[in-house]
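Written out below as structure tokens is the structure these notes cover.
What follows is calculated from the coordinates using simple rules that are stated; it is not laboratory data. The shown structure was predicted, so the numbers you read here are calculated from the model rather than taken from an experiment. All Cβ positions, glycine included, derive from the backbone under ideal geometry; neighbour counts span all protein chains shown.
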Amino acid sequence: MIRRTCAVFLCLMLASTALAQAPEPLRVKVFPGAQNVALWTGLARGTFLKHGVAVDLQFTQTSPELRDGLASGAVDVAHAAADNAIAMVEVAKHDVVLVMGGDSSMNEFFVQADVATLADMRGRTLTVDAPNTAYALQGMKILKNAGVMPSDYKVKVTGGTFQRRSSGRGGTAAGSGGSMTTPRYPPSAAIPAKNRNW
């Protein structure tokens, strides 16, 4: 699945046309995570400034925040999964340009420590950014492929990666179960590879 549009290449393309005057400001909004290593490296090394672009890197908390910022002009580039661009076109009826996919997703299904198999998600809660985003749909598909139907678990909208991580700390008493996220920010523990059936 295409996960991230690659803001780095867009920035470099824009930078190649920059004049030798004051750097052109470029507001880039991203989800926190390892997918931003190229951006952080470019900022740390001064690569963007060297090419006439002053990147203002901002972190988003949720997909709706990211989409609304791009649609309103509050940000110039949104670095996120393609589902956000599709939602902007199909649901919000905004014009969007999808530049390219940047990586192979790095998504993992993270769970509470007492969830040993996907079947253990029955009666639990899948925490999501929004129910129609890439991570949520991936999580639901993984559960369905394991025979865990949507009626077998609850879906709770908690926000982006950090919010999903915090909601996962509720433990079993809160009925929390799992979430799709990037490996850097696990809510609790990942299902061991030997127990994965997807």
Just grab the label-to-label distance for residue 90 and residue 114, each label 7 Å out from Cα along the Cβ direction, in nm (one decimal). 3.7 nm
The ³J(HN,Hα) series, computed from each phi in region 74-89 with the Karplus coefficients 6.51, -1.76 and 1.60 at θ = phi - 60°, rounded to the nearest Hz and given as x for glycine or proline, is 5, 10, 9, 9, 10, 9, 7, 5, 4, 4, 5, 5, 4, 4, 5, 7
5 angstrom amide H check on residue 156, placed H, neighbours 5+ away: 126, 127, 128
All lysines inside 23 Å of residue 50 as judged from Cα atoms, apart from same-chain residues fewer than 8 positions distant: 29
Between residue 94 and residues 5 or more places away or on another chain, which pairs have amide H atoms under 5 Å apart, with H built 1.01 Å from N, and which residues are they? 89
What aspartates and glutamates does residue 156 reach when the alpha-carbon gap must be under 20 Å and sequence neighbours fewer than 8 apart in one chain are set aside? 65, 83, 108, 114, 120, 129
Euclidean distance of C-alpha centroids, region 23-38 and region 64-85, integer Å: 12 Å
Can you give me the distance in nm between label points at residue 132 and residue 54, each placed 7 Å from the Cα along the Cα-to-Cβ direction? 3.7 nm
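Grab the Cα-Cα distance for residue 146 and residue 34, subtract it from 0.36 nm times how many residues apart they are, and report the gain in nm with one decimal. Walk me through the numbers on the way to the answer.
Working: separation 112, 0.36 × 112 = 40.32 nm, distance 2.83 nm.
Once the chain is fully extended between residue 146 and residue 34, it gains 37.5 nm.
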